[in-house]
Each structure stands twice: as C-alpha cells, then as structure tokens.
1. If you go through region 1-47, how many residues are free of Cβ contacts under 8 Å to residues at least 60 places away in the same chain and touching a His at 6+ places or on another chain (Cβ under 9 Å)?
2. Over 24 Å from Ala332 (Cβ atoms) and either of a type in the set (Gly, Ala, Ser) or modelled with pLDDT of 95 or more (or both) - does that describe any residue in region 426-440?
3. Test each condition in (1) surrounded by 23 or more Cβ atoms within 10 Å (Cβ to Cβ); (2) farther than 25 Å from Glu307 by Cβ; (3) hydrophobic (A, V, I, L, M, F, W, C) for Leu334 and report the one that comes out false.
4. Can you name every residue in region 16-31 that is surrounded by 14 or more Cβ atoms within 10 Å (Cβ to Cβ) and either among the acidic types (Asp, Glu) or in contact with a strand residue (DSSP E or B) (Cβ under 6 Å, 6 or more places away or on another chain) (or both)?
5. Of the residues that sit in region 419-465 and are part of a strand (DSSP E or B) and touching a Gly at 6+ places or on another chain (Cβ under 7 Å), which one is surrounded by the most Cβ atoms within 10 Å (Cβ to Cβ)?
6. Could you look through region 56-71, keep only residues that are in contact with a strand residue (DSSP E or B) (Cβ under 6 Å, 6 or more places away or on another chain) and over 14 Å from Asn111 (Cβ atoms), and pick out the one that is surrounded by the most Cβ atoms within 10 Å (Cβ to Cβ)?
7. Tell me yes or no: at least one residue of region 141-164 is modelled with pLDDT of 95 or more, touching a Leu at 6+ places or on another chain (Cβ under 8 Å) and of a type in the set (Gly, Ala, Ser).
Amino acid sequence: MADSIHFGTSGWRAILGEEFTFFNVARALTGIAEYLHEHVAGPPEVVVGHDTRFLGERFAGFAAAQLQAMGVKAQLAAAAAPTPALAYYAVKNRLAGVINFTASHNPPEYNGLKFSTAAGAPAPPEITGAIEARIPGTAAAPSGDPPGSFVPADIRTPYLARLQELVRLDVIHAAGLKIGLDPLWGTARGYTHQLLEQANVPCVIVHDYRDVLFGGHAPEPEIQNTRELAQRMQAAGATLGLVTDGDADRFGILDETGELVQPNYVLALLLDYLIESRGWRHGAGKSVATTHLLNAVAEYHKIPLYETPVGFKYLGELIIKNQATLVGEESAGLTIFGHVPEKDGILAGLLIAEMVASRRAGVREQIAALFAKVGSFYPARENFRLTREQRSRLSQRLEDAPGQFAGHRVSEVIRTDGLKLLLDDGAWVLFRPSGTEPVVRIYVESRTLQEQAALQAAARKFLLDSA
C-alpha cells in the first residue's frame, strides 16, 4: 500500500529516503497538477524552488519535468531560494502558485513539499484537502523536458528590490550599527548580507555556506544554535544579531547582550514601531497561542486585534484583505502590510535593525520601555510527547473546561484551536494537541514571572493528570 501523503500546517514533510521519495513526490505532484487544471483558467504556470537540503535541486528539477509532462508550465528557480522570495516571485509574475521543496526548520533528515497559492500564501486546508483527495496510489515516471532545458528563474533580484522598498536601509546605515548574521546554512545566504553591504552596514557572518546537515542539528533559531554568533558578535563589537531558519521564513533576534529574544516580544515591538514610524492604522493579527502583549499594543494604539488558529495560512488572509499592519505567530513568523501573506524572516530581521537604528536603543531596552507603556507580559511554551492513548484521554478531558485554574477563576473559554482559558487576573493557559505529531503544547502567559512559574506548574499537573 502506498504511503499516505498529508499536507499539514506548512506542507507535506517526511524523512528523506523513507517516505519522502521521488515516487511519492511524483504522486503528490499529480494531485497538485489535477487541482490546478480544475481550478485555474487556461494552462496553469507555477514556480518550483528548493532550499539547501540534500537533493533539493534534484527534487525541484524532477518536479519541473513532471509538471510540464502533465500540462503545467513550470519555472525553475536558478538556485536555492527563501520561501518568502518564491512567494513574492509568484505574486509579481501572476503565477498560479509555488511548489517549494523545503522542510523549513525541521532536522536535516527531513525534506518537504509546500504548495502556495497565487496570492503567495500557504495553501489553506480546503485546498490541501482537495489536493490530497487527488493523490493517486501510483504515478507515472516523468516524460517532460529534462531540468537543463528550463530557463532559470531569477528569484533574488525582484525580492531584494521589494525589501529595499519596505525597509529604510539608510536609517540603519546612519546609526552606525554593526550587525551579526547567521543564515544557519540556509537560503538567506547572500540576501540579508547583500542588502546591508549595499547600504554600507558592517556585518559579521557565521554559517554562510551550504551544509546539507546544518551543522548536525535542525536549522532553527534556538538558543543552542545561536551561541557561535553571540560569541562572534561580542568579539566584533556587534550589538544586534539576525538569524533565519533553513528556508528563511522564521527569524531569530539576538539583543545587545547576545541573548536570543523571545519571538513574542519581537512581534509586539515591531507592531508598535510600524504604527509609529509608518502611520499605518490597520489591525494586528496573531495566532491564539501568541502573546497578549500584542493585544495591549493594539489597544494602546486603538486598532483592531484579530486572533486566529495556529497556522500562518489563517493570518495571511488578513494581509491579503489589507486588514493588518502586522501579523505574526509566537513560533517566529511574521509579515506586514503591503508584503506577501507568508512568513518572512529576512524582512523581520531588517525591520528590527531599522527599529534599533531609528530609536537609538537596543532591543532589551525597548522591551522595558514597551512594558512601561502597556504593561508586562511573560509568555512561555512547553512540549510534551504523549502516546496515542494519552492524547485520547486528554482530548476527552479538554471537552469540559474547568471553572477554576491555578487558584483563579476562568473568565473565558476559547476553543479557536485547542483549549484556551483566560483567567480573572489577565493570565491565560492554552492546551493544544499538534495535528501532525504526537505532541501536546502548553502555552501560558502571566503578568509577573512569579505567576508564570505557578501557572506552568498547574498546567503540567493538569496535563499529566489527564494523560
């Protein structure tokens, strides 16, 4: 029996050589091609890209040939390209979508296939479900043009030009910043650095070469993966570090002390800064798991706040409809008004650099100033791996929300995605089972660090008692 192919939050991901094979890729492409033929007027055209993972260029070339044989015109990216750059290319050239071979921040043994729409947004569930329904148990070998016959698509040039329109590079230059960069061996290589170099902003760079093993760990902007950059920053006198994950859709920010800043705080700082610097009065969008500091900033500036399920495809809709100045998730993804409805880690880093340069204050200092303006917020997240039986018991218990939690009255119950309990003191807790792996995530947020610890302990006990 053929392997089941499921498109989750950000496409289909699987272990290379086990489930992620050329045979299964051909099956997935058949489902995509059939969907496009049914829903696009005229012959559909897509761009095919890849990240820096092992065999990425081979899978992309294979896909382009397979699609051509099935009547879908394919443009093949000239080199490994960031996910947001591919999204922008599709929008600018009015293509029917993007097929991107990436497993983003997953470990190096994974690869993935992501389909994005003509709007440059991650495909929503109704589209991925329709594609899955069209995936056959078998697929014919490709008979189209070999990869060498495709005209390489220049993804880099138009995307960099767009970033120059969105970011005030002259402000960064005028402040005399020195910036640390770490693309984590991924697709941001040559992108952020090129823009800063053109603006005469000095940089120190680590991991600026291809390594299909990503140094032996997942290419994710986490504390253990940013220590080398922090050391280089200290030695060079850099006061800001910009990190991106494998496909450059997620960001990591190192502050003036070399510490990794929680993404929740980055989102809130940038929302506040964009409203003040751009004068944009649109709303703000966030996932149900993301900090209420964004709520406080939106309330301070008197703009709407929209809360969605986890998954950037839901937030992207707010950008498509021009309803938001900024949308973001606590998992280090954001985009802004006027840009593609896709996470953009390169843009996030450059905007933070502009913010630091414009305000002449470090990130840590600006977090303290924001707390003084709208109040303090302390979010945290933990992951727990459970057996199928444990998850089943937990799901049953989550159907009945408690009236009290951690010694506080539950003032509101939210079931947008999982079970979220708002407490009477402004704190909250969210229990959210993953849809793609045997993991349950606990999110908590309180107004003091002391309460955060108590809330986490109560959440762990609730989870373990349920399981």
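The values are calculated or read from the model by the stated rules, or taken from the named source; none is laboratory data. All figures in this text were calculated on a predicted structure; none of them were measured in a lab. Note that each Cβ is placed from the backbone with ideal geometry, even for glycine, and that neighbours are counted across all protein chains shown.
1. 2
2. yes
3. Against the list (1) surrounded by 23 or more Cβ atoms within 10 Å (Cβ to Cβ); (2) farther than 25 Å from Glu307 by Cβ; (3) hydrophobic (A, V, I, L, M, F, W, C), Leu334 comes up short only on (2).
4. Leu16, Glu19, Phe20, Ala28
5. Ranking the qualifying residues of region 419-465, first place goes to Leu430.
6. Ala64
7. yes
Here is a yes/no grid of residues against (1) aromatic (Phe, Trp, Tyr); (2) assigned by TED's automatic domain parsing to the domain that holds Phe337; (3) in contact (Cβ under 8 Å) with a residue 24 or more places away in the chain; (4) exposed (fewer than 13 other Cβ atoms within 10 Å of the Cβ):
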site: Leu347; (1), (2), (3), (4): no, yes, yes, no
site: Glu354; (1), (2), (3), (4): no, yes, yes, no
site: Ala357; (1), (2), (3), (4): no, yes, yes, no
site: Gly362; (1), (2), (3), (4): no, yes, yes, no
site: Leu370; (1), (2), (3), (4): no, yes, yes, no
site: Glu389; (1), (2), (3), (4): no, no, no, yes
site: Arg393; (1), (2), (3), (4): no, no, yes, no
site: Arg397; (1), (2), (3), (4): no, no, yes, no
